[in-house]
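The values are calculated or read from the model by the stated rules, or taken from the named source; none is laboratory data. Just so it is clear, the model here is predicted, and its values are computed rather than measured. Backbone-built Cβ (ideal geometry, glycine too); neighbour counts: all protein chains shown. These accessible areas exclude ligands, DNA and RNA; they are computed on the full protein's heavy atoms, side chains included. Shrake-Rupley method; radii C 1.70, N 1.55, O 1.52, S 1.80 Å.
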Amino acid sequence: MTHVPRYRFAPSPTGFFHVGGARTALYNWALALRTGGTFVLRIEDTDESRNSPEWTQGIIDALSWLGIDSSHPQFEGPYFQSQNAELHVAAAHKLFEQGNAYWCDLSAEQIQARAKETGKQGYDGYSRDRGLTGGPGQVLRFRVPTGSTVVHDLVRGEVEFANETIEDFVLLRSNGSPMFLLANVVDDIEMKVSNVVRAEEHLPNTPKQQMLWDALGHTPPQWAHVPVLVNEQRKKLSKRRDKVALEQYREEGILPDAMVNYLMTLGWAPAGDTEIVPWSSMVEEFRLEDVNHSPAFFDIKKLASFNGDYIRALSLQDFVSASLPVLAATDAWPSSRFSAEVYEKIAPLVQTRVVTMSEVPVMVDFLFLEDPAIDQAAWDKTMAAEFAADVLKHCMSEFASCEWNHDALKTILESWTEAKELKLGKTQAPIRVAMTGRTVGPPLFESIEILGRDETIRRLQKSLSRLG
RNA sequence: GCCCCCAUCGUCUAGUGGCCUAGGACACCACCCUUUCAAGGUGGCGGCACGGGUUCGAAUCCCGUUGGGGGUGCCA
């Protein structure tokens, strides 16, 4: 008997790491941290046909990205379910010996045929008293007792299931391998798991598993079933249809802190008027009893908004560090032309303008390209102005000898603009396109200052000749 | 079909019988700021699914209806 709560996260390594799984992991982790408990990671790899070793590493990497560090003292594992196979089989035989389970040789087709005859659904307990002793082609089924099973759930309250609605489920496949329901329970018992926090889709499994705990002579854990995450159609997030891979969000430049914060607020909210709160206070405040009961929509727009907030909250130094890998990985310019020193100058102007880190390169590419990538639509639109050539010429000659800072540069354009009775918003456009190739971007005069006099004049000249 | 869960703005939520004329956030719109775009500021739009109870009083409790979701495998 242990008084230290033991939480567990038990994903199956069958694909990229699911954002729903990430939230479940985070809930467990927060709880383990706050209660001084343990977070046990168990890889449920019993379905050999669907497993792959690299997925396991993917899970560990994903958890670590979320801040669930496998070297933390409260982290235990990973354990592998497949390595406990003998234990699962032993438990199954114990259940058979105790009379809690029996062998059955009905095929799926036979079960269907019987169901059709009796007009009922599913397996009807046909083999219960046939005294089969196991062997090829036979599965071991649990003998569901009469009565009812009440699940005490921290988020749902008491949920009662009439046992007659639960069919005698399979414990061991005909090839002798254990099924999830059994393996899961045996492992939880073995690992002394005291708290099971998982997605609501498992709620219908829970009475079965609770019967298993009872039959195996152990007190069931404290259950908690959190609502599933859904898409805009309000269907459970699926790997096929929806963008659910945590790795993908990471690659697109979502900051881990933003993802963690956002995921935590799906079904739960920290106290106060803001949802953007540090991890430490979420750990302190999070309670399963406060988790909502209905499915939550995974809203990428809101995630992006959180991410923008987190980016802006970064110190300049941290923002630069976070940018560097993205800048190194981009193929927006030849890597030899990149300069971290130049980037640092423009970084503060970029920081308030991106929502994900992956937007950074396109914002600064004009600094690292020999010639800016001219957007044709931007060119056509701005260079059509009757003053386009004039403003380019004027700037070219004035910029050649003026003081080189953004205020001076701005003053030059401003005076010209006023003299022509135009608006700066208009006249800056051709210059911007000449410099960056686009109509939008970081503040123009600061950008020009960073670009440098020679390059600026060269680009003005080039645009002028292109204008023709 | 059967079992189970759920129901507050479009979305995520606060709300646990009177503090609710229902609060915040995202999104959207407007205005301000402004060298583009952002950021920031101000304001706006918008909700207790419906019907019955219980109560002096209900978003909050009960029942029903409707609507959603999950499960129903020799998957996990």
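Check residue A:38 against each of (1) more than 21 Å from the chain's Cα centre (by Cα); (2) under 27 Å from residue A:256 (Cβ atoms); (3) within 13 Å of RNA strand B (Cβ to nearest atom); (4) open to solvent by less than 50 Å² (accessible area, probe 1.4 Å) and name the one condition it does not meet.
In the conditions (1) more than 21 Å from the chain's Cα centre (by Cα); (2) under 27 Å from residue A:256 (Cβ atoms); (3) within 13 Å of RNA strand B (Cβ to nearest atom); (4) open to solvent by less than 50 Å² (accessible area, probe 1.4 Å), residue A:38 misses (3) alone.
Taking the conditions exactly as written (touching a residue at least 24 places away in the same chain (Cβ under 8 Å), closer than 30 Å to residue A:211 by Cβ and among the polar types (S, T, N, Q)), does residue A:24 satisfy them or not?
yes
Residue by residue through segment A:81-120, note down the ones that are part of a helix (DSSP H, G or I) and in contact (Cβ under 8 Å) with a residue 40 or more places away in the chain.
If the condition is that a residue be part of a helix (DSSP H, G or I) and in contact (Cβ under 8 Å) with a residue 40 or more places away in the chain, then A:81, A:84, A:85, A:87, A:88, A:89, A:91, A:92, A:94, A:95, A:96 are the ones that fit.
Is there a residue in segment A:231-248 that is among the aliphatic types (A, V, I, L, M), crowded, with 17+ Cβ neighbours inside 10 Å and assigned to a helix (DSSP H, G or I)?
yes
Against the condition in contact with a Leu (Cβ under 7 Å, 6 or more places away or on another chain), under 30 Å from residue A:309 (Cα atoms) and within 16 Å of RNA strand B (Cβ to nearest atom), how does residue A:449 come out, does it pass?
Spelling it out, residue A:449 is indeed in contact with a Leu (Cβ under 7 Å, 6 or more places away or on another chain), under 30 Å from residue A:309 (Cα atoms) and within 16 Å of RNA strand B (Cβ to nearest atom).
Which residue out of A:226, A:197 is open to solvent by less than 20 Å² (accessible area, probe 1.4 Å), at pLDDT 95 or above and either within 12 Å of RNA strand B (Cβ to nearest atom) or among the basic types (Lys, Arg) (or both)?
Exactly one of A:226, A:197 is open to solvent by less than 20 Å² (accessible area, probe 1.4 Å), at pLDDT 95 or above and either within 12 Å of RNA strand B (Cβ to nearest atom) or among the basic types (Lys, Arg) (or both), namely A:226.
Which residues, taken from segment A:281-304, are in a helix (DSSP H, G or I) and either buried (at least 16 other Cβ atoms within 10 Å of the Cβ) or not hydroxyl-bearing (Ser, Thr, Tyr) (or both)?
Result: A:282, A:283, A:284, A:285, A:288, A:289, A:290, A:300, A:301, A:302, A:303, A:304.
Condition first: at pLDDT below 75 and away from RNA strand B (no atom under 12 Å from the Cβ). Now tell me which residues in segment A:41-59 satisfy that.
Matches in segment A:41-59: A:52, A:53.
Output the residues belonging to segment A:177-194 that are surrounded by fewer than 17 Cβ atoms within 10 Å (Cβ to Cβ) and either basic (Lys, Arg) or more than 9 Å from RNA strand B (Cβ to nearest atom) (or both).
Residues satisfying the conditions are A:190, A:192.
Pull out all pairs, ordered by first then second residue, where Cβ-Cβ is under 6 Å, the residues are six or more apart or on different chains, the first lies in segment A:434-449 and is at positive phi, and the second is surrounded by fewer than 22 Cβ atoms within 10 Å (Cβ to Cβ).
Partner pairs satisfying both residue conditions: A:437/A:372; A:437/A:373; A:437/A:374; A:437/A:375.
Being small (Gly, Ala, Ser) and exposed (fewer than 15 other Cβ atoms within 10 Å of the Cβ) is the filter; apply it to segment A:86-114 and report the residue that is nearest to residue A:256 (Cα to Cα).
My answer is A:90.
Restricting attention to segment A:320-346, which residues are in a helix (DSSP H, G or I), open to solvent by less than 60 Å² (accessible area, probe 1.4 Å) and over 15 Å from residue A:451 (Cβ atoms)?
If the condition is that a residue be in a helix (DSSP H, G or I), open to solvent by less than 60 Å² (accessible area, probe 1.4 Å) and over 15 Å from residue A:451 (Cβ atoms), then A:320, A:322, A:323, A:326, A:327, A:340 are the ones that fit.
Inside segment A:212-262, can you point out the residues that are in contact (Cβ under 8 Å) with a residue 40 or more places away in the chain and among the hydroxyl-bearing types (Ser, Thr, Tyr)?
Of everything in segment A:212-262, those that are in contact (Cβ under 8 Å) with a residue 40 or more places away in the chain and among the hydroxyl-bearing types (Ser, Thr, Tyr) turn out to be A:249, A:262.
Please specify each residue of segment A:263-279 satisfying the condition of being more than 7 Å from RNA strand B (Cβ to nearest atom) and in contact (Cβ under 8 Å) with a residue 24 or more places away in the chain.
Passing the criteria: A:263, A:264, A:276, A:279.
Every residue, every condition in (1) open to solvent by less than 10 Å² (accessible area, probe 1.4 Å); (2) part of a loop (DSSP other than H, G, I, E, B); (3) within 12 Å of RNA strand B (Cβ to nearest atom), yes or no:
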{"residue": "A:131", "(1), (2), (3)": "no, yes, no"}
{"residue": "A:135", "(1), (2), (3)": "no, yes, yes"}
{"residue": "A:141", "(1), (2), (3)": "no, no, yes"}
{"residue": "A:160", "(1), (2), (3)": "no, no, yes"}
{"residue": "A:164", "(1), (2), (3)": "no, no, yes"}
{"residue": "A:214", "(1), (2), (3)": "no, no, no"}
{"residue": "A:217", "(1), (2), (3)": "no, yes, no"}
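Conditions (1) among the small types (Gly, Ala, Ser); (2) over 23 Å from the mean Cα position of the chain (by Cα); (3) on the phi < 0 side of the Ramachandran plot, marked per residue:
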| residue | (1), (2), (3) |
| --- | --- |
| A:299 | no, no, yes |
| A:313 | yes, no, yes |
| A:326 | no, no, yes |
| A:337 | no, yes, yes |
| A:349 | no, yes, yes |
| A:368 | no, yes, yes |
| A:378 | yes, yes, yes |
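Which condition breaks for residue A:77 when tested against (1) at pLDDT 90 or above; (2) crowded, with 16+ Cβ neighbours inside 10 Å?
That leaves (1) as the condition not met.
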